[in-house]
Amino acid sequence: MPAEPYHEGWVQSRQFINGRSFEGVELPLGPDAGGPLFFTHYSFCSIDPRGLSDAYADYWKQNVAHTRINYAYCVRNPLGFKGYGPNCWGLTAGDSVKGYDAHSPKNDKSVITPSAALASFPYSPTEAMAALRHFYDDLGDKIWGRYGFIDGFSEQYDWYADSYLAISQGPIVVMIENYRTGLIWKLFMGIPEIREGMKKLGFKSPHFASAGS
């Protein structure tokens with residue numbers, strides 16, 4: 001495929017370029033306040049954002065900014081929901097009090113999704129570890145079970161999901177390993193077809209140079 005559909009289609013969408021500040025943090029791309037945190041997780045479980053850039057953004061800075069905005073919003077807790085704070089944060093898509101929802105600072109339903117903070121280890125390790133310790137040590141059996149952490153909970157409504165979603169569990173494991181060793185990033189970015197496709201779209205990455213292409 002030619003690169004034009006990307007540059008003339010996806011990039012031209014109303015929620016691509018941003019450049020405004022939220023919670024005192026400038027957000028290069030994406031919807032206001034960043035949207036659900038899975039935007040920084042799903043693609044970047046495999047694509048290494050470190051040193052990744054194109055004509056539109058530095059993607060490491062983009063993902064760190066998105067995470068910082070989400071964290072700062074939860075700490076500020078403008079809607080006054082019970083439980084929110086420096087060690088209990090993370091808004092993303094997942095099970096909710098009234099069914100599945102895409103939680104974000106612009107769509108806050110009082111539901112914390114553990115994967116939001118825990119899959120953010122590469123971007124905010126101190127804050128993610130504080131959340132992990134609180135989720136496991138303090139909330140314990142309320143949100144930890146056979147398959148790990150439940151998909152979401154709301155202390156405001158005393159609601160705790162009875163579900164474990166693979167699409168939430170997977171990014172936790174993968175992103176913790178990427179934070180530790182970069183293993184999945186290195187494997188994926190070493191695939192020749194991936195390098196060639198990304199270069200065709202105008203991306204630059206240290207992986208391209210190290211691969212000798």
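Brief remarks on what is shown
- For residue 67, neighbours were defined as the other residues whose beta-carbon sits under 12 Å from its Cβ, and their charges (Lys and Arg +1, Asp and Glu -1) total 0.
- Under 27 Å between alpha carbons - lysine pairs in the chain that sit 8 or more apart or on different chains: 17
- Computed accessible area, residue 167, all protein chains, 1.4 angstrom probe, square angstrom: 90
- Heavy-atom accessible area, probed at 1.4 angstrom with all protein chains present, ranks 60, 159 as 60, 159, highest first.
- For the stretch 145-199, the square roots a ≥ b ≥ c of the C-alpha gyration tensor eigenvalues yield an a/c of 1.5 or more together with a/b exceeding b/c, which makes the shape prolate.
- Rounded, prolate or oblate (a/c below 1.5 giving rounded, otherwise prolate when a/b exceeds b/c) for the stretch 168-213 by Cα gyration tensor: prolate
- Accessible area per residue, Å², the chain with all protein chains present, probe 1.4 Å: 49
- Helical mean residue ellipticity (222 nm; -39500 (n - 2.57) per DSSP H run of 4+; nearest 500) of the chain: -9500 deg cm²/dmol
- Estimated FRET transfer efficiency when R0 is 22 angstrom, pair residue 11-residue 209 (beta carbons, to 0.05): 0.35
- Rounded to the nearest 10 Å², the accessible area of residue 157 at probe 1.4 Å: 140
- The stretch 1-100 gives an Rg/Rh value of 1.01, both radii derived from C-alpha positions and Rh following Kirkwood.
- Charged neighbours of residue 11, selected by a Cβ distance under 12 Å, balance to -2 (K, R count +1; D, E count -1).
- Shape call, the stretch 91-159: gyration tensor on alpha carbons, a/c limit 1.5: oblate
- Taking the three principal axes of the alpha carbon atoms in the chain, the coordinate ranges are 53, 34, 28 Å, sorted in descending order.
- Taking the stretch 42-64 and a reference point 7 angstrom along Cα→Cβ of residue 196, the backbone N atoms nearer than 20 Å belong to 47-48.
- Relative contact order of the stretch 1-118, defined on C-alpha pairs under 8 angstrom at six or more residues apart (%): 22
- Debye, to nearest 20: dipole size of the chain, +1 on Lys, Arg Cβ, -1 on Asp, Glu Cβ: 360
- When peptides 121-128, 19-26 are ranked by their average number of other Cβ atoms within 10 Å per residue, the highest-first order is 121-128, 19-26.
- The length gained on full extension between residue 46 and residue 79, counted as 0.36 nm times the residue separation minus their Cα-Cα distance, comes to 8.4 nm.
- Surface composition of the chain: carbon plus sulfur atoms hold 56% of the accessible area, using a 1.4 angstrom probe and ignoring ligands, DNA and RNA.
- Taking other residues whose beta carbon is less than 12 angstrom from the beta carbon of residue 78, and scoring Lys, Arg as +1 and Asp, Glu as -1, yields 0.
The values are calculated or read from the model by the stated rules, or taken from the named source; none is laboratory data. Note that the structure is predicted; figures quoted are calculated from it, not measured. Every residue, glycine as well, gets a Cβ built from its backbone with ideal geometry; the counts of neighbours run over all protein chains shown. For accessibility, only protein heavy atoms count, side chains too; no ligands or nucleic acids. Shrake-Rupley method; radii C 1.70, N 1.55, O 1.52, S 1.80 Å.
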